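Read-outs throughout are calculated quantities, based only on the coordinates presented, and are distinct from any laboratory measurement. Since this is a predicted model, take the numbers as computed values, not measurements. Cβ placement follows ideal geometry from the backbone for every residue including glycine, while neighbour counts extend to all protein chains displayed.
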Amino acid sequence: MKIYNTKFKDLIILKSKNFEDSRGLLREVILEKFLKKKLIFSLISKSKKHVLRGLHMQTKKMQGKYVSVIKGKVLDVAVDCRKKSKTFGKHYKIILSE
């Protein structure tokens, strides 16, 4: 697994390696040792083609977010809403794919 930093503080890109053989593939999805944080829970959602999911923001009980694409591709956008941040009001976008 490779970690890529972005210009946003605490926003990283994790690139997993797929291990393929005649049966299909195996991908290590996430490792807490790379993040150095304990993950409390995880959710999985499935979206149909051309679905737009809204922005999510927590101000009191902040949460990290991990996005992984199993099939197809998505445009993922992060907006920095932290008023004291150097990148406040800016966005970062990336196309994620299987």
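Mind checking which aspartates and glutamates have their Cα closer than 18 Å to the Cα of residue 7? Skip sequence neighbours fewer than 8 apart in that chain.
Cα-Cα hits under 18 Å: 76, 80.
For residue 85, enumerate residues with amide H under 5 Å from its amide H, sequence gap 5+ or separate chain, H modeled in the peptide plane.
Amide H to amide H, under 5 Å and 5 or more residues apart or across chains, residue 85 pairs with nothing.
Using the Karplus equation 6.51 cos²θ - 1.76 cosθ + 1.60 (θ = phi - 60°), what ³J(HN,Hα) coupling, rounded to whole Hz, does each residue of region 12-27 give in order, writing x for Gly and Pro?
Once rounded to whole Hz, the list reads 10, 10, 9, 10, 8, 9, 8, 10, 10, 8, 5, 7, x, 9, 10, 10.
Roughly how big is the chain's charge dipole about its Cα centre, with Cβ charges of +1 (Lys, Arg) and -1 (Asp, Glu), in debye to the nearest 20?
Working: 26 positive and 8 negative charges, 102 e Å.
It works out to roughly 480 debye.
Can you list the chymotrypsin sites (Phe, Trp or Tyr not before Pro) in region 13-55 that are in a DSSP coil and have 16 or fewer other beta carbons within 10 angstrom? Kindly include the intermediate steps, with their values, before the conclusion.
Details: sites: 19, 34, 41; in loops: 41.
For chymotrypsin sites (Phe, Trp or Tyr not before Pro) across region 13-55 that sit outside H, G, I, E and B with at most 16 neighbouring Cβ atoms in 10 Å, the list reads 41.
Could you go through region 39-49 in sequence order and give the Karplus-derived ³J(HN,Hα) for each residue, using 6.51 cos²θ - 1.76 cosθ + 1.60 with θ = phi - 60°, rounded to whole Hz, and x for Gly and Pro?
3J(HN,Hα) across region 39-49, in whole Hz: 8, 6, 8, 9, 10, 10, 10, 10, 10, 7, 4.
Roughly how many Å is it from the Cα centre of region 82-98 to that of region 37-57, as a whole number?
Spelled out, the Cα-based centre of one part sits 16 Å from the other.
Starting from the exponent 0.38 and prefactor 2.2 Å, build the expected Rg for the chain from its residue count and divide its actual Cα Rg by it. Spell out each step's value before the answer.
Values: Rg = 15.1 Å, N = 98, 2.2 N^0.38 = 12.6 Å.
Compactness ratio reported: 1.20.
Working out 0.36 nm times the residue gap between residue 29 and residue 79, then minus their Cα-Cα distance, what length gain in nm do you get to one decimal?
Details: separation 50, 0.36 × 50 = 18.00 nm, distance 2.36 nm.
Between residue 29 and residue 79, full extension yields an extra 15.6 nm.
Which loop-located GluC sites (Glu not before Pro) does region 15-71 contain, where loop means any DSSP state but H, G, I, E or B and the Cβ has at most 13 other Cβ atoms within 10 Å?
Those that pass, being in a loop and sparsely packed, are 28.
Too long at a 21 Å Cα-Cα cut-off: which of 2/83; 33/86; 15/73; 33/83? Could you put the intermediate results ahead of the total?
Details: 2/83 30 Å; 33/86 28 Å; 15/73 14 Å; 33/83 30 Å.
From 2/83; 33/86; 15/73; 33/83, over 21 Å: 2/83; 33/86; 33/83.
Under a cut-off of 13 Å between alpha-carbon atoms, report the aspartates and glutamates in cross-link reach of residue 37, not counting same-chain residues fewer than 8 places apart.
Residue 37 reaches 10.
Kindly write out, for region 55-70 in residue order, the coupling ³J(HN,Hα) from the Karplus curve 6.51 cos²θ - 1.76 cosθ + 1.60 (θ = phi - 60°), rounded to whole Hz, with x marking Gly and Pro.
6, 10, 9, 10, 9, 9, 10, 5, 10, x, 9, 10, 10, 9, 10, 8
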